[in-house]
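The values are calculated or read from the model by the stated rules, or taken from the named source; none is laboratory data. Small disclaimer: the values here were computed from a predicted structure and weren't measured. Note that we place each Cβ from the backbone using ideal geometry, even for glycine, and neighbour counts take in every protein chain shown. Side chains included, ligands, DNA and RNA excluded: accessible areas come from the protein's heavy atoms. Shrake-Rupley method; radii C 1.70, N 1.55, O 1.52, S 1.80 Å.
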Amino acid sequence: MAKNNLLTERKAFQFLKENAENIPHIAEIFDKQPARGKDYIIQTEGITLDISKQRVNDDSIKLLCDLYYESNVPEHIKMLFNGSLVNKSEDRAALHTQLRVPKEKQKESYNIVNDQLDHMELIVNQIHNGTWRGFSGKRITDVVNLGVGGSDLGPLMVCHALREYSLPSVGSLNVHFASTIDGSQLFGLLKDLKPETTVFLIASKSFTTIDTLSNANTARSWLLSVCPNKELMLRCHFIGISSSAEKMSEWGIVEKNQLSIWDWVGGRYSLWSSVGLSIALALGMPLFRELLKGAHSLDEHYRTSPPEKNIPVMMALIGIWNVNILNIKAQAILPYDGRLKYFPSYLTQLEMESNGKSVTQDGEPIDYSTCPILWGEVGANAQHAFYQLLHQGTQSVAADFILAAKRYDTNQDDSHKNSLVAQHELNISNCLAQSRVLAFGNYAIGNNSNPFRNYPGNQPSSTLVLPKLDAFTLGSLIACYEHKVFTQAVIWGINPFDQWGVELGKQVASQLKCLFSEDNEPNKAGALDSSTLALASMIQDFRKE
Ligand code: F6P
C-alpha cells in the first residue's frame, strides 16, 4: 500500500488553505447560498447530519473529498474491516466492527464472537430469571461493574442513555458502576448493597489495571467477611471479562464465569464485546443486540458510501478543516438530551485517547495539530455554565449539537406526559436557538451597539438529529464517532489504536506508592523533584494528625 506523505505536504491541503482565505462570516455564506440549510444535509438510517453551519462552501467540500482520496482513506477503511494490522505500534488489528456483524453474516473464523455472545446471554438469563443465586441461596438484586476507561465509560453511557427501555426480563435488577481508584464510588455503593445478593463484574481487558483490581480486591474482602467459604463466594459473586484467562484464574474467577475479549478489540472500542455485559444485564440481551445492529448498519454506510454522502467521513473532514485550516482547537459536544449525560465523557476517551498523538504510525514527528481539546455537557445545562465563552469569549470553538426529534409517549393523555412533551419542545427550541446564535450572532437578532450585548457569531457547528434515541440509533451514533476518529487518524497519519502516553504516569505512580504506605520507605522512590517531595511530606503530615 502506498505510504502517505505528511498532511501538510498533500496537494489538496495546500488548495484548502487557499480556499479558506475566501471564506466569509457564516452569515454571509448563507446570504450567498440561501438553500444551504437543505443542501448541506447527509442522511442514513437513524442519523441525519447537518453541516450547513460549518464555515465551508462547495469548493471546500470538494477539496476535502480530494484530501480524503489523496490520503488513501478508502484503502485504509478496507484494511480496518479486513483485519489488517492497522495498529502498527502494537502489531494488531482493530476489529471492533466484527463484533457487530449479524450471526448469519459472520465469517466462520469469527465464530468466537457468537460463542461469547451466547455465553453472555446464558449469564444474563441466569441472573434475570433467578437461577443464578448468591452464596446464601438468594436471588441476585444488584450487579456492580468494576472497570475503568473503556471498560467503564461506554457501558455506563449506554446504560444511562437507554435505561427507560429496559426490558421486563430485567425485573428489579440494579446495575451500578465503580471505577475510581480511590474507592469512593465503591465505598458509597457497599454501604447500601447486600453481599449475599450482589454480583461483581471485573471488566479489564488487560486484567492488570490497578484502578480496577484494587476495587475488585476491596469487593472480594467485603464478601469474604460474610462468606468465609472462598470457593463458593468466588463462584457466586464474581464474573471476569478479560483477554487473559490466566490472570482471571489467578485472581480467583472460576472458568465458567470468565468471558473473553481479544487483543484485536481496543479498550475504548470494547462496549460491543463481553465488556457490554453490564449493558445486557441492565437493559436485556435483545436490546444489546439491537445496539450492535445499529452500529453494523452504520459500518455498512461508512464502508460503502462516497465521502460526500458519508456521515462519519464528513464529520472527520470538517474536523480536519476546523483544526488544521481554520486553527480551531476546541470541540464542544452538546447533546440536548439528559439521557446522553455521559456521552461527552465517553467521547473524550474515544477521541482524545485515540488521536491525541504527535508522531506518525512510523514514529516520525508531525508538524501539525491532531485531536482538538474535546469536552461537553448536556446542552441545555451547559447554556447556564460555559456557553458565555462560546458566545462572547476570545476562543474559536466548534460544536456538535445532538438531538432526538421524538421524545415521550404522547398516546397517553395524562397531564404530566403532555407537560413533558412541552419540555421537549422547549429543549428543541433551545438547541436550534443556540446553534443559530453561535453561527449568526448579531445577524440573528439585528445589530446591537451595546458592547456587552455584542454577539460576533461565526462559531461553526454541526447538528446530528436522531428520529428518536433508542438502542439502534445510539449504536449508529457511537459507531459514527468511532469511524470519524479512524478517518481523521488516517488523514493525520497517526495510530488511533494505541495509548503509550498513559503508561509513564502508571509507572511513576507505582514508584511513588512507597511514600505513602505504612512502611514508609522514601528512598525506594529514587531521586525526586522538590515539588513532589514537598507535597508528599505535607500530605503525610496531615495524615498523621
Ligand atoms: O490506561 C488507559 C487504558 O489502557 C485504556 O485504554 C483502557 O480503556 C483502560 O486503561 C482500562 O484498561 P483495562 O480494560 O485493560 O483495565
Using unit Cβ charges (K, R positive; D, E negative) and no other charged atoms, how large, in debye to the nearest 20, is the dipole of the stretch 500-544 about its Cα centre? 80 debye
Ignoring ligands, DNA and RNA, please state the percent of accessible area on the chain from carbon and sulfur, probe 1.4 Å. 52 percent
Heads up, I need the accessible area for Arg139: 1.4 angstrom probe, whole protein in place, Å², nearest 10. 110 Å²
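Suppose accessible area is computed on protein heavy atoms with a 1.4 Å probe; arrange Glu425, Glu21 from highest to lowest.
Final ranking, largest accessible area leading: Glu21, Glu425.
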Could you tell me what fraction of 2.2 N^0.38 Å the Cα radius of gyration of the chain comes to, as a two-decimal ratio? 1.04
Heavy-atom accessible area of Val144, protein chains in place, probe 1.4 angstrom, given in Å² to nearest 10, is 0 Å²
Taking the full set of protein chains and a 1.4 angstrom probe, give the accessible area of Met538 in square angstrom, rounded to the nearest 10. 90 Å²
Taking a crude spin-label model, label points 7 Å out from Cα along the C-beta direction, the Ile373 to Ile181 distance in nm is 2.3 nm
Can you give the angle from 0 to 90° between the axis of helix 11-20 and the longest principal axis of the chain, with both taken from C-alpha atoms, to the nearest 10? 60 degrees
Longest principal axis of the chain (C-alpha) makes with the long axis of helix 210-224 (C-alpha) an angle, in degrees to the nearest 10, of 40 degrees
For the stretch 321-356 and the stretch 403-448, what is the centre-to-centre distance using only Cα atoms, to the nearest Å? 22 Å
Overall form of the stretch 101-289 per C-alpha gyration tensor (a/c, 1.5; a/b vs b/c): rounded
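Sorted by accessible area (1.4 Å probe), largest first, how do Leu533, Leu64 line up?
Descending order: Leu533, Leu64.
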If a/c stays under 1.5 just call it rounded; otherwise compare a/b with b/c (prolate if a/b is bigger, oblate if not). Do that for the stretch 346-465, with a ≥ b ≥ c from the square roots of the Cα gyration tensor eigenvalues. oblate
Tilt of helix 503-512 relative to the longest C-alpha principal axis of the chain, in degrees (0 to 90, nearest 10)? 40 degrees
Provide Asp58, Asp31, Asp50 ordered by accessible surface of protein heavy atoms (probe 1.4 Å), highest first. Asp31, Asp58, Asp50
Gyration tensor on Cα atoms of the stretch 398-497, a ≥ b ≥ c root eigenvalues, a/c under 1.5 rounded, else prolate if a/b beats b/c, else oblate, says oblate
Taking R0 as 25 Å and r as the Cβ-Cβ distance between Asp115 and Arg303, the FRET efficiency 1/(1 + (r/R0)^6), rounded to the nearest 0.05, comes to 0.50
Span from the the stretch 195-244 Cα centroid across to the the stretch 1-59 one, whole angstrom: 50 Å
Could you tell me the relative contact order of the chain? Use alpha-carbon pairs under 8 Å, at least six residues apart, and round to a whole percent. 19 percent
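Once you keep just the Cα pairs under 8 angstrom separated by 6 or more residues, what percentage relative contact order results for the stretch 101-289? Write down the numbers at each step before the final one.
On the way: 302 pairs, mean separation 55.9, N = 189.
So the answer I get is 30 percent.
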Using the heavy atoms of the protein chains alone and a 1.4 angstrom probe, what is the accessible area of the chain per residue in square angstrom? 45 Å²
GluC sites (Glu not before Pro) restricted to DSSP loop in the stretch 302-406 with at most 11 other C-beta within 10 Å: none
Please list the non-local residues whose amide H lies under 5 Å from the amide H of His176, H modeled 1.01 Å from N, same-chain partners needing a gap of 5 or more. Val143, Val144, Asn145
Per q in 0.13, 0.15, 0.18, 0.21 1/Å, what log10 I(q)/I(0) does a Debye calculation on the alpha-carbon atoms of the stretch 500-544 return? -0.30, -0.39, -0.55, -0.72
Cβ-based net charge around Asn381, under 12 Å, with every Lys or Arg adding one and every Asp or Glu removing one: -1
Sort the following peptides by mean Cβ neighbour count (other Cβ atoms within 10 Å, averaged over residues), highest first: 475-482, 232-239. 475-482, 232-239
